[in-house]
1. Tell me which of these P129 doesn't satisfy, since it passes every other one: (1) part of a helix (DSSP H, G or I); (2) more than 16 Å from the ligand (Cβ to nearest atom).
2. Only one residue in L68, L109, L102 is surrounded by 13 or more Cβ atoms within 10 Å (Cβ to Cβ), over 23 Å from S32 (Cα atoms) and modelled with pLDDT of 95 or more, so which one is that?
3. Going by what's in this entry, would F153 be described as under 18 Å from the mean Cα position of the chain (by Cα), within 16 Å of the ligand (Cβ to nearest atom) and assigned to a helix (DSSP H, G or I)?
4. Only residues that are over 19 Å from the mean Cα position of the chain (by Cα) and not charged (D, E, K, R): list them for the range 132-150, please.
5. Here is a check on your reading of the model: is S141 surrounded by fewer than 15 Cβ atoms within 10 Å (Cβ to Cβ), in a helix (DSSP H, G or I) and either touching a His at 6+ places or on another chain (Cβ under 6 Å) or of a type in the set (S, T, Y) (or both)?
6. Identify all residues within the range 39-59 that are touching an Asp or Glu at 6+ places or on another chain (Cβ under 7 Å) and assigned to a loop (DSSP other than H, G, I, E, B); write none if there are none.
7. Is there any pair linking a residue in the range 160-181 that is free of Cβ contacts under 8 Å to residues at least 12 places away in the same chain to one that is surrounded by 16 or more Cβ atoms within 10 Å (Cβ to Cβ) and not basic (K, R), with Cβ under 8 Å and at least six apart or on different chains, and which?
Amino acid sequence: MNEENKVLGTSTTERSIMAAPVIDQTSEEIQSFGTRFRVPLGLDDTVCETSISNLNRVLADTITLRDLYKKCHWQTSGATFYQLHLLFDKHFSEQAEIVDFLAERIQVLGGISVAMAKDVAEWTHIEAPPMGREEVPAQLSRLVSAHETIFKFVRQAAKTAAEGGDDGTNDVLVSNVIRTNELQTWFVAEHLVALSPTEVNNRHQ
Ligand SMILES: [Fe+2]
């Protein structure tokens, strides 16, 4: 055994063994998904439980929309490639920020946030796109539709949170989710206006 192996082997000193990382550790879950512990926020239990459930639904949809933007960023094509490639990535980053706000709000309320792709796929209500590539107008339409799926649920969820006194959840849902999604919908939908960039539309003359 050379000097280096001695350091790594059983003849090491106790001091160097303590410095080694302890890997391959496993654990039982310390909190199951769907459970909640009471956090002293001055909110009713039922209000917290409803907020956690609604936030997880919005979270799953937001993770899906975030990933849909990255798919579109990679797979867009044609004359508008450059501007859409950049726009889609900007929207991806903004959705990623919302994902963090939503997930951490759930944890603040004592719940467990949905996180991994397999679980997100089960929870989301956004229609799954094909694995392959779609034409640009189909990409844009799919994104607008995904935003609307979020709007239909999140507006009611925000109202429910406000009525229960959960202002923090209401604020995340309104200030972050609704406001950002409205702006993004505008930017995407404007690309679906069928006007020529080089000829005036004289259809009504
Ligand atoms: Fe990229």
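The values are calculated or read from the model by the stated rules, or taken from the named source; none is laboratory data. The structure displayed is predicted, hence computed values, not measured ones. In this analysis, Cβ positions are derived from the backbone assuming ideal geometry, glycine residues included, and neighbour counts consider all displayed protein chains.
1. Failed condition: (1).
2. On the way: L109 fails: over 23 Å from S32 (Cα atoms); L102 fails: over 23 Å from S32 (Cα atoms).
Exactly one residue qualifies, and that residue is L68.
3. Details: under 18 Å from the mean Cα position of the chain (by Cα): yes; within 16 Å of the ligand (Cβ to nearest atom): no; assigned to a helix (DSSP H, G or I): yes.
Spelling it out, it is not the case that F153 is under 18 Å from the mean Cα position of the chain (by Cα), within 16 Å of the ligand (Cβ to nearest atom) and assigned to a helix (DSSP H, G or I).
4. Passing the criteria: G132, V136, P137, A138, S141.
5. Answer is no for this residue.
6. Filtering the range 39-59 for residues touching an Asp or Glu at 6+ places or on another chain (Cβ under 7 Å) gives 43, 47, 51.
Passing the criteria: only L43.
7. From the range 160-181, the pairs are A162/N170; D167/A161.
Residue-by-condition table, conditions (1) small (G, A, S); (2) more than 16 Å from the ligand (Cβ to nearest atom); (3) in contact (Cβ under 8 Å) with a residue 60 or more places away in the chain:
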{"site": "P40", "(1), (2), (3)": "no, yes, no"}
{"site": "D44", "(1), (2), (3)": "no, yes, yes"}
{"site": "T50", "(1), (2), (3)": "no, yes, yes"}
{"site": "N56", "(1), (2), (3)": "no, yes, yes"}
{"site": "R66", "(1), (2), (3)": "no, no, no"}
{"site": "Y69", "(1), (2), (3)": "no, no, yes"}
{"site": "Q75", "(1), (2), (3)": "no, no, yes"}
{"site": "A79", "(1), (2), (3)": "yes, yes, no"}
{"site": "Y82", "(1), (2), (3)": "no, no, no"}
